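Step one of this worksheet: look at the structure below.
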Ligand code: N01
């Protein structure tokens, strides 16, 4: 015998306690033994609701039951019958087991305290089990489509099996039976009984004692309501999920029942828990296999529930990437679901509603190019569109292409688990839904996981706090308030001038000053719009062949070293006047790769900042000096620096006066506390990987993506990950993404992924997966290219420096979207070089 250590220890402990054998005790005393043991079980997980119920029994009596409602919205209803030989135990002793099942399965669990023998002999337990089942159907399922399942262990498993046989004729419809080492037959003469190794907690005398109390008449025991193995016809029963233990006198009769179910055409999933004994499932906390069995049952129930929700692809996120991806997959004939946490489309433009939020790529360029009709019809009003206008555009796209019908709003994907046998993903949402999909596409955005302010005491502030990336839909009125803004990145730089217009007093807490250029925003003229629309096709092509997807103004291929100081000044001035983000970085070819070339342009911008700010000390504080221009994302602003010329606007340099904590009244820095009515956190995002890592993603062999990426993201082309087949990251880490016009990169990635999936369909492939070698080669190339630039020098979110503890790696491909496109196209043209594929038919087909 090779029982696991915990079981061996438990048996040894019980033996040394030298109590009387169960069979020597009257049932009432025997019950106390179990109750004493249950005190050692840990508490189960918290529930949304725990309700004790009395269900009327047909004989006028009452059946005690406990309804356990999980925190997440239930995806099904499980009626559970506990074990204990119809004589022992109750729902109090099974409270932890019930809670664990409810939490893991995300199901409402009704624990039934059917009345026990010998006070209530057979068939009372059967009647009670039935009455509780009918009650659950009426009160917990009702008019909903929630699937009804039954389950139980040992004697409870026996009742669950009997319920399924009875329900076949008279309903209710049971979608799954969960049988944990159920008692199947009353003849105690099978080989399981003969093996001395099985004579453990449940042994032959104990089983005989149970039968004698429950059904004293040996003939009556053979009735299928007591011995379900003896039923004549097992066809048309619900699918069964059956567990046994390796050391169990009942294992053979359970296996006989499994065989008979299968012969009758009932789908059965069967698992034996090795090195375990009968009863292990009833002992939470004492026997680790109990946890494993709950997890196993949870996974199987997930799958069972997901059968109803099977699609070709799940897309996570309904921002621009998710919308276009849905459009493309539909065109390929794939059934697709989009899961979106927000209540509407738009992604980043749905959440970032802070004052002044607008794009810093020109509107007519920051738009989809895949539909010439769309780009001709839509009219942008300003050079740089505001957040509401961009959100209207996203909504227009969703409506125009009829996308909403495949989007589930207000639901967040929490887990995605890959099943190698089926080559499919099980995608879980926080709404309790589980979806089976061949492909999972993360369209979760690069800057969509707002960084929770890691400032001590942040939660203690008594006034309202706001995070720019999660701005309230209804807006905020700061009129007459004393406001603090923490952070001076793009979001802060856009919002500070507008907050200053309302606030009676505004203090900006700056840790690192930003390079910002005046946007020169203005309404678009009719002729600009007409001209662009006439040129749109050529412009889209130019976007594709530009390293940042921003062809205007054109790049200068000359080194700054070859220009005279006067020429440099002239070209920087010209770039400055354009109000375009890339104008200064593309003024010379080596701005981002040569320290001296960068110093020249950085000094130019520093002088411009000094010109814009009246107070020389304030100006000097606002001038960035600690990193080269462009190595942290530069900003575009409207009157940002000028705002500090206002008397009621103050700047605190956190490098000189460090922030100590947020207090109930305001902000405490080294030099003292300042009181505020409201605080705005413009503290940025857990960029590139944050939104992906928020989901528990498990690939081949159960490997967690967060473990694989523990030392930084590792991808092939920024779109695929070795060990995670049929899993795609749109504008993922190590793709050009945030170093480009996102719309250009999104379209390129979505097109590539869609072509890849279309190719798989044509080739009848079940899965595609990046190879480790390809991933390593891509990572090495990324690093080599990044190291040719000045980018790694800055403590930016590009390297994860803004998130304490995040591994430092450069997370975007610096080689340019033009070069990147060529590489991706070549990979596709060579039959997806660097990927391994599995044909359909080499995997299990989902029933
Ligand atoms: O975030 P950020 P963002 N104590 O990370 C400071 C895009 N975007 O939301 O630099 C004190 O840039 C932090 O200081 P430091 C764009 O790509 C685009 O503004 O880490 N300060 C920094 O000043 C952009 O780059 C648009 O030293 C703390 C600020 O908070 C990206 O989104 C508009 C702190 C965060 O700046 C992110 O921009 C808006 C702490 N504990 C955003 N933690 C447009 O299209 C952080 N900070 C126009």
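Some observations on this one:
- Some residue of the stretch 268-287 being in a loop (DSSP other than H, G, I, E, B), in contact with a strand residue (DSSP E or B) (Cβ under 7 Å, 6 or more places away or on another chain), surrounded by 19 or more Cβ atoms within 10 Å (Cβ to Cβ) and at pLDDT 95 or above: yes
- Looking only at residues in the stretch 804-835 that are at positive phi and surrounded by fewer than 16 Cβ atoms within 10 Å (Cβ to Cβ), the one that is farthest from the ligand (Cβ to nearest atom) is 831.
- Residue pairs meeting the criteria (Cβ under 7 Å; at least 6 apart or on separate chains; first more than 16 Å from the ligand (Cβ to nearest atom), in the stretch 481-502; second in a helix (DSSP H, G or I)): 500/643
- Residue match in the stretch 698-713 (condition: within 16 Å of the ligand (Cβ to nearest atom) and at pLDDT 95 or above): no
- Complete set of residues in the stretch 228-264 that are touching a residue at least 40 places away in the same chain (Cβ under 8 Å), part of a loop (DSSP other than H, G, I, E, B) and more than 42 Å from the chain's Cα centre (by Cα): 231, 249
- Scanning the stretch 671-697 for residues that are in a helix (DSSP H, G or I) and away from the ligand (no atom under 16 Å from the Cβ) yields a count of 2.
- Residues located in the stretch 650-666, provided they are part of a loop (DSSP other than H, G, I, E, B) and either within 12 Å of the ligand (Cβ to nearest atom) or touching a residue at least 40 places away in the same chain (Cβ under 8 Å) (or both): 654, 655, 657, 658, 663, 664, 665
- Checking each residue of the stretch 362-382 against the condition of being under 25 Å from residue 450 (Cα atoms) and under 23 Å from the mean Cα position of the chain (by Cα) gives no match.
- Whether a residue is within 16 Å of the ligand (Cβ to nearest atom) and surrounded by fewer than 22 Cβ atoms within 10 Å (Cβ to Cβ) was assessed, and residue 625 passes this test.
- Residues in the stretch 516-533 that are closer than 23 Å to residue 802 by Cα and within 11 Å of the ligand (Cβ to nearest atom): 516 alone.
- Matching entry among 129, 102, 125, 117 (being over 42 Å from the mean Cα position of the chain (by Cα), more than 20 Å from residue 33 (Cβ to Cβ) and crowded, with 22+ Cβ neighbours inside 10 Å): 125
- Restricting 455, 417, 435, 407 to those that are within 16 Å of the ligand (Cβ to nearest atom) and either surrounded by 17 or more Cβ atoms within 10 Å (Cβ to Cβ) or closer than 30 Å to residue 841 by Cβ (or both) reduces the list to 455.
- When the stretch 70-91 is filtered for residues that are surrounded by fewer than 18 Cβ atoms within 10 Å (Cβ to Cβ) and touching a helix residue (DSSP H, G or I) at 6+ places or on another chain (Cβ under 9 Å), only 71 remains.
- Contacts under 6 angstrom Cβ, first residue in the stretch 623-648 being closer than 16 Å to residue 604 by Cβ and modelled with pLDDT under 95, partner in a strand (DSSP E or B) and within 10 Å of the ligand (Cβ to nearest atom), 6 or more apart: none
- Single residue of the stretch 773-803 satisfying the filter (within 16 Å of the ligand (Cβ to nearest atom) and in a loop (DSSP other than H, G, I, E, B)) that is surrounded by the fewest Cβ atoms within 10 Å (Cβ to Cβ): 801
- Some residue of the stretch 639-649 being within 14 Å of the ligand (Cβ to nearest atom), under 30 Å from residue 446 (Cα atoms) and not in a loop (DSSP other than H, G, I, E, B): yes
- The stretch 377-394 - residue that is closer than 22 Å to residue 326 by Cβ and surrounded by fewer than 18 Cβ atoms within 10 Å (Cβ to Cβ) and, of those, farthest from the ligand (Cβ to nearest atom): 377
- Applying the criterion of at least 1 residues that are touching a strand residue (DSSP E or B) at 6+ places or on another chain (Cβ under 6 Å) to the helices (runs of 4 or more DSSP H) found wholly in the stretch 118-214 leaves 124-136, 155-170.
- Inter-residue pairs, beta-carbon under 7 Å, first under 13 Å from residue 126 (Cα atoms) and in the stretch 209-227, second assigned to a helix (DSSP H, G or I) and at pLDDT 95 or above, 6+ apart: 215/221; 221/211; 224/165; 224/230; 225/126; 225/162; 226/220; 227/221
The values are calculated or read from the model by the stated rules, or taken from the named source; none is laboratory data. Every value quoted in this text rests on a predicted model; they were computed, and no experiment measured them. Here the Cβ is made from the backbone with ideal geometry for all residues, glycine too, and neighbour counts use every protein chain on show.
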